[in-house]
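Data block below; observations after.
The values are calculated or read from the model by the stated rules, or taken from the named source; none is laboratory data. Since we're looking at a predicted model, the values are computed, not measured. Neighbour counts run over all protein chains shown; Cβ positions are idealised from the backbone, glycine included. Quick note on the areas: whole protein, heavy atoms, side chains included, nothing else; ligands and nucleic acids left out. Shrake-Rupley method; radii C 1.70, N 1.55, O 1.52, S 1.80 Å.
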Amino acid sequence: MHSPRSAGKTRESFSVKWNWFRIAVVVVASVTGITLLGALGVAGSYAFLAPSLPSSADMKNVELAVPLRVYTRGGQLVAQIGEQRRIPVTYEQIPDLVRDAFLAAEDDRFFRHHGIDYAGVLRAAAVNLFTGNRAQGASTITMQVARNMFLTQRREWRRKLQEVFLTWRMEREFTKEQILALYLNVIFFGQRSYGIAAAAETYFGKPLDALTIGEAAMLAGIPKAPTDTNPIASPVRARERRSYVVRRMRELGYIDAEQAQVANDEPVAGKLNAPLNDVDAPYVAEMARLELVRRYGEAAQNAGYRIYTTIDPRLQAAANRALRLGLLEYDRRRGWRGATAKVALPADRTPAALDALLVPYDTVGNVDPAVVVAVVDRSAQVHVKGLGLVTIPWDGIAWAQPVIGEDRRGPAPKQASDVLAAGDVVHVVTDGKRTAQLVQVPEAQGALVALDPEDGAIAALIGGFDYYAYKYNRAIQASRQPGSGFKPFLYSAALENGFTPASVILDAPIVMDDPDSELAWRPENSGGEFSGPTRLREALVRSRNLVSIRILRDIGIPTLIDYAARFGFPRASMPKDLTLALGTLQATPLEVATGFAAFANGGFKIDPYFIDRIEDASGKVVYRAAPKVVCTQCGAPETELAAPALDVPGPLQAAAATRGGIDLAPPNRVAERIVSAANAYIMDDIMADVIRRGTGRRANVLNRGDIAGKTGTTNDSKDAWFNGFNPDLVATVWVGYDQERSLGEGEEGSRTAVPIWVHFMREALKALPQRTRPRPEGVIELPISRETGRLVPADDPDAVKELFMTDHLPQGDAAAVPGTPASTGDTQGSEPLF
């Protein structure tokens, strides 16, 4: 029998248990309720926010802002153009070293969590709680991808919930490798660089597979604060972040202690590197960009388009070298203008301290800024920006006669101190090693354009000494007077209108009254002398102005304008007076080269082009060039064409290869014949004489028998030209000042432009055999008198051979045609018919 006290204890024990049970029920009910409410809240939040999230299809089809890329025809990179500098790479293209660095810096549990690292969240919460700030973050790589690709950067609960939901969705739809690759392609690294490949190029000038551990660690440290921790903005903070990443890589076992030490010892270089282009052709790249925008709008620049141009990388490099060398040579002839600036040399002459002095001065073309460190008897030591100490020997200084006035120079220096002093900021061209030549950034400018005469493909184009100093593209924008370079078109028109190469025209003074002016026009030859009766061939070879004026007066100004328009010269640019004979129209170097192509290809009009094809971001070809091509047996109008059966242009051969044989071009692909084959052949032969023994004879150093051309110099030597060609290539060179002024005494096309053309063509033609055009039907060779141009017996000791078109043969025994002095009997008079 239980006592009352025992019964009470039992009741009390039961009551306590009952209370704990009720508490447990309440707790479980509360937790369950909270969980249900939380789940309902999450579900409600998801239902509310789901419409604002990208769909799975949208995520898989996302398009990155990828810059326009411009390539040569063979696929070498010319330029990347766009608001964001980005080079997309696949997961497999990212080295393990780079992946490890970013996992160590951002999310070492990336391959173990499912998008949200709960351990990381708790760790970050604890750190933030005890430190009293929010320095520790808990964003995983997946969350960063979600935020950077699809969401804003605003710090609010709505955006944070969107980020969580989107992270879960991404983890379901993508593999871990895909997510990491996306991250490394979209993350911002500062300096307009997006993605790891672009960042490696921007900060180190390297592809991904060339990065060191220290460089990979430095890049991995940037995304936390890309504007402030990149090595250009803050080398000190960049070094601190690199040290943190290296330490984490060591702790995680990605690298050992020795590797960590080497990585931490690497110098931090704050240098912005240009894109790793294979070919230096910025003028062509800008032409491509403008054409893309014209076709597809401004947004196309960041839509991943690829433009393949017609540029030949070897010829483009040759054009760059030739133009820059020619302008530097011309600039030296003008004299030494003095040092660019004067600076105080620091006591501590370390490379970094000397480089700091040169920060305000940029490299222009192939000309680098340098500061003179020491001057000895006949040499100087200079520190070249980004290169270090080099020596300028006496042969690199001796040219520097001081400029003392227009076209006047002072005495030649006798020692280096006559030219240079310590602390002078100057410009040099280096050999890439330890010697240099003293130069100046040229004040004159120039352009060179080369094209294929068979179809008009531009093989090389440079529009100035340095695109980045001044983006004006003189090859296509500078309309200048071609001067005597226009005479071949006049003389070709003369051959079509009754003249022959043996026609004799008086080279003597001429006075033209101008009804609109009180002054008479008294044109002269370049040297001021006169030669009397002169055969047409000799007049062009020696570029006689007065003969040219008389020829134009005979055939008529409208006739020449109509004729020159066939070659592509704008009618509106041609003056309707006799100065047209001297090339006073306005034309760009590209227009002039296009005109000369008709002489190089046997008489056909081609249209220049520089874009071979355009591809969109998926690789689909959205545009392909279809140029008209020279095809001598395709039945072009106006002439009876004869050519070897296999004389088919390269573009047609390439097209025919897929059809199993050579076909004739379709009618809409055949270039129009604008000059008879006979006329083009004779003009080619006369212009070959220009090089053999005329104003272009400096080109004889090439030792080729298949080149021809014509110099051009305008009034007061404001423009110097050379337009030359062979059957494979046409190249035009122009030199002048942007603000028109004289190039100086003696600076004519033969001296200023021909050497540039020679530098270029030496490289351009070195692999090509000589190819002389066969004489076409309709051309005959006859003996004539060297003096009178009359037909003479073949055994006459004074005879020279001359070419004639069979429908323009000399009459009787004289090489006279209607309207020439020979036909009127007046070859010596002071006032002949012309």
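Does Asn700 qualify as being part of a strand (DSSP E or B) and in contact with a helix residue (DSSP H, G or I) (Cβ under 8 Å, 6 or more places away or on another chain)?
no
Might you let me know whether the stretch 169-176 holds any residue that is open to solvent by 40 Å² or more (accessible area, probe 1.4 Å), modelled with pLDDT of 65 or more and closer than 20 Å to Leu64 by Cα?
yes
Considering only residues that are hydrophobic (A, V, I, L, M, F, W, C) and in a helix (DSSP H, G or I), which ones fall in the stretch 224-267?
Hits for the stretch 224-267 are Val236, Ala238, Val245, Val246, Met249, Ala257, Ala260, Val262, Ala263.
Looking at (1) in contact with a Lys or Arg (Cβ under 9 Å, 6 or more places away or on another chain); (2) open to solvent by less than 10 Å² (accessible area, probe 1.4 Å); (3) not in a loop (DSSP other than H, G, I, E, B), find the lone condition where Ser484 falls short.
So the condition that Ser484 fails would be (2).
Please state which of the following conditions Asp795 fails to meet, knowing it meets all the rest: (1) at pLDDT 90 or above; (2) not in a helix (DSSP H, G or I).
Only one criterion in (1) at pLDDT 90 or above; (2) not in a helix (DSSP H, G or I) is unmet by Asp795, namely (1).
Take Pro783 and tell me if it is outside any helix (DSSP H, G or I) and touching a Leu at 6+ places or on another chain (Cβ under 8 Å).
yes
I'm trying to understand the selection: among the residues of the stretch 517-554, which are in contact (Cβ under 8 Å) with a residue 24 or more places away in the chain and on the phi > 0 side of the Ramachandran plot?
Gly532, Ser543, listed by residue number.
Restricting the search to the stretch 755-777, which residues are in contact with an Asp or Glu (Cβ under 9 Å, 6 or more places away or on another chain) and either among the hydrophobic types (A, V, I, L, M, F, W, C) or farther than 20 Å from Gly602 by Cβ (or both)?
Pro755, Ile756, Ala764, Leu765, Leu768
Only one of these conditions is not met by Asn320: (1) in a helix (DSSP H, G or I); (2) of a type outside the set (A, V, I, L, M); (3) surrounded by fewer than 20 Cβ atoms within 10 Å (Cβ to Cβ); (4) in contact (Cβ under 8 Å) with a residue 60 or more places away in the chain. Which number is it?
Condition (3) is where Asn320 drops out.
Identify all residues within the stretch 303-314 that are surrounded by fewer than 22 Cβ atoms within 10 Å (Cβ to Cβ) and not in a loop (DSSP other than H, G, I, E, B); write none if there are none. I'd like the intermediate steps shown before the answer.
First, the residues of the stretch 303-314 that are surrounded by fewer than 22 Cβ atoms within 10 Å (Cβ to Cβ): 303-304, 306, 313-314.
Result: Ala303, Arg306, Pro313, Arg314.
Looking at (1) modelled with pLDDT of 95 or more; (2) within 30 Å of Phe804 (Cβ to Cβ); (3) not charged (D, E, K, R), can you tell me which one Ala753 breaks?
(2)
Does Thr713 qualify as being touching a Leu at 6+ places or on another chain (Cβ under 8 Å), in contact (Cβ under 8 Å) with a residue 12 or more places away in the chain, surrounded by 18 or more Cβ atoms within 10 Å (Cβ to Cβ) and under 15 Å from Ala587 (Cα atoms)?
Against the criterion (touching a Leu at 6+ places or on another chain (Cβ under 8 Å), in contact (Cβ under 8 Å) with a residue 12 or more places away in the chain, surrounded by 18 or more Cβ atoms within 10 Å (Cβ to Cβ) and under 15 Å from Ala587 (Cα atoms)), Thr713 does not qualify.
List the pairs whose first member sits in the stretch 351-366 and is touching a residue at least 60 places away in the same chain (Cβ under 8 Å) and farther than 15 Å from Ala341 by Cα, whose second member is part of a loop (DSSP other than H, G, I, E, B) and open to solvent by less than 40 Å² (accessible area, probe 1.4 Å), and whose Cβ atoms are under 8 Å apart, counting only residues at least 6 apart or on separate chains?
Val364/Phe465; Val364/Asp466; Gly365/Phe465; Gly365/Asp466
Step by step: first the residues of the stretch 757-799, then only those that are among the hydroxyl-bearing types (Ser, Thr, Tyr) and open to solvent by 30 Å² or more (accessible area, probe 1.4 Å), then the one that is nearest to the chain's Cα centre (by Cα). Which residue is that?
Of everything passing the filter in the stretch 757-799, Thr772 is nearest to the chain's Cα centre (by Cα).
Any residue at all in the stretch 777-788 that is at pLDDT 90 or above and farther than 22 Å from Phe499 by Cα?
no
For the stretch 576-589, how many residues meet the condition of being open to solvent by less than 30 Å² (accessible area, probe 1.4 Å) and not in a helix (DSSP H, G or I)?
The first filter runs over the stretch 576-589 and keeps only residues open to solvent by less than 30 Å² (accessible area, probe 1.4 Å), leaving 578, 580-581, 583, 585, 587-589.
Of the ones still in play, those that are also not in a helix (DSSP H, G or I) are 583, 585, 587-588.
Of the residues in the stretch 576-589, 4 are open to solvent by less than 30 Å² (accessible area, probe 1.4 Å) and not in a helix (DSSP H, G or I).
How many residues are farther than 23 Å from Pro509 by Cβ and either surrounded by fewer than 17 Cβ atoms within 10 Å (Cβ to Cβ) or modelled with pLDDT of 85 or more (or both) if we restrict to the stretch 809-833?
So the count comes out to 5.
Looking at Arg751, Arg762, Arg741, can you tell me which residue is out of contact with any His (no Cβ under 6 Å at 6 or more places or on another chain) and over 25 Å from Ala587 (Cα atoms)?
Answer to the selection: Arg762.
Please determine, by comparing only the residues of the stretch 275-298 that are over 21 Å from Phe465 (Cβ atoms) and among the acidic types (Asp, Glu), which one is least open to solvent (accessible area, probe 1.4 Å).
Ranking the qualifying residues of the stretch 275-298, first place goes to Glu291.
Could you grab the pairs with beta carbons closer than 8 Å, sequence gap of 6+ or different chains, first residue in the stretch 257-273 and hydrophobic (A, V, I, L, M, F, W, C), second one surrounded by 13 or more Cβ atoms within 10 Å (Cβ to Cβ) and part of a loop (DSSP other than H, G, I, E, B)?
Short answer, once both residue conditions are applied: Ala263/Thr212; Ala263/Ile255; Val268/Pro231; Ala269/Pro231; Leu272/Gln191; Leu272/Ile232.
Return the residues of the stretch 590-610 that are surrounded by fewer than 22 Cβ atoms within 10 Å (Cβ to Cβ) and in contact with a strand residue (DSSP E or B) (Cβ under 6 Å, 6 or more places away or on another chain); say none if nothing qualifies.
Lys605
Output the number of residues of the stretch 74-119 satisfying the condition of being surrounded by 19 or more Cβ atoms within 10 Å (Cβ to Cβ) and in a strand (DSSP E or B).
6
Here is a check on your reading of the model: is Pro727 modelled with pLDDT of 95 or more and either under 24 Å from Ala598 (Cβ atoms) or of a type in the set (Val, Ile, Thr) (or both)?
yes
Please report, ordered by residue number, the helices (runs of 4 or more DSSP H) entirely within the stretch 535-575 with at least 1 residues that are open to solvent by 30 Å² or more (accessible area, probe 1.4 Å) and not hydroxyl-bearing (Ser, Thr, Tyr).
Working: elements: 536-541, 545-555, 557-566.
The helices (runs of 4 or more DSSP H) meeting that bar are 545-555, 557-566.
Report the residue count in the stretch 173-223 for those that are in a helix (DSSP H, G or I), farther than 17 Å from Asp100 by Cβ and out of contact with any helix residue (DSSP H, G or I) (no Cβ under 8 Å at 6 or more places or on another chain).
3
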